[in-house]
Amino acid sequence: MLSEKMLEGLNNQINMEMQAYYTYLSMSAYFEDQGLKGFASWMFHHSEEEMTHAMKIYDFIHSRRGRVKLTALVTPPSEWEKPLEAVESALHHEQKVTAAIHNLVKVAREEGDYATDSFLQWFVDEQVEEEEVVDDLIQKLTLIGDFSPGLYLLDRELSENVGEEDEEE
Ligand code: OFO
């Protein structure tokens, strides 16, 4: 059985992952509009990952006989001044998600809930990767600056990477 505090934290985390899904999807739409198809599919692919994160927690709550409660999502931003600004806001969001996951681990440990602690370790590792890939994109965009051919090449690289990831799944 999950404690009430643990259950509330996990339900909040579902909302956060869904919010991430919605935010990356909005970024994908923004990049489509900018004609940057590679960025758009990278963001779309990432939004789908966020939905799988939400569903992992959804399933876990049920497997512990808890009650899932879904809550409202906030309208995500839809415009950014430039690609770098959009990707920086993605990193900011990931950092908030990481902090929330760490807080859930803390609650699980305080309560001696080893099953939830163990379940959350996948998310702890995943967040390291999530922050790394987004930060990598920020570094590349910073290097490119206002050099449009560089942006074009990065966009192409991203569309190729997304294709490769899909083949591996
Ligand atoms: Fe769910 O990992 Fe990003 O937010």
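Worth a mention:
- If only residues of the stretch 19-60 that are within 12 Å of the ligand (Cβ to nearest atom) and open to solvent by 40 Å² or more (accessible area, probe 1.4 Å) are counted, the one that is nearest to Val74 (Cα to Cα) is Tyr22.
- In the stretch 78-94, the residues that are surrounded by 13 or more Cβ atoms within 10 Å (Cβ to Cβ) and not acidic (Asp, Glu): Trp80, Pro83, Leu84, Ala86, Val87, Ser89, Ala90, Leu91, His93
- For the stretch 134-149, the criterion of being closer than 23 Å to Glu17 by Cα, modelled with pLDDT of 95 or more and crowded, with 17+ Cβ neighbours inside 10 Å is satisfied by at least one residue.
- Filter result for Thr116 (part of a helix (DSSP H, G or I), polar (S, T, N, Q) and closer than 18 Å to Met6 by Cβ): yes
Rundown of residues vs (1) within 20 Å of Phe39 (Cβ to Cβ); (2) away from the ligand (no atom under 16 Å from the Cβ); (3) small (Gly, Ala, Ser), yes/no style:
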{"residue": "Ile101", "(1), (2), (3)": "no, no, no"}
{"residue": "Val105", "(1), (2), (3)": "no, no, no"}
{"residue": "Asp117", "(1), (2), (3)": "no, yes, no"}
{"residue": "Val128", "(1), (2), (3)": "no, no, no"}
{"residue": "Asp136", "(1), (2), (3)": "yes, no, no"}
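- Among the residues making up the stretch 7-18, those that are surrounded by fewer than 22 Cβ atoms within 10 Å (Cβ to Cβ) and among the aliphatic types (A, V, I, L, M) are Leu7, Ile14, Met16, Met18.
- Test: Leu91 is assigned to a helix (DSSP H, G or I), touching a residue at least 40 places away in the same chain (Cβ under 8 Å) and more than 16 Å from the ligand (Cβ to nearest atom): no
The values are calculated or read from the model by the stated rules, or taken from the named source; none is laboratory data. Everything numeric in this text was worked out from a predicted model, so none of it was measured. Don't worry about glycine lacking a Cβ; one is built from the backbone with ideal geometry, like all the others, and counts go over all protein chains shown. Note: areas computed on protein heavy atoms with side chains; ligands, DNA, RNA excluded. Shrake-Rupley method; radii C 1.70, N 1.55, O 1.52, S 1.80 Å.
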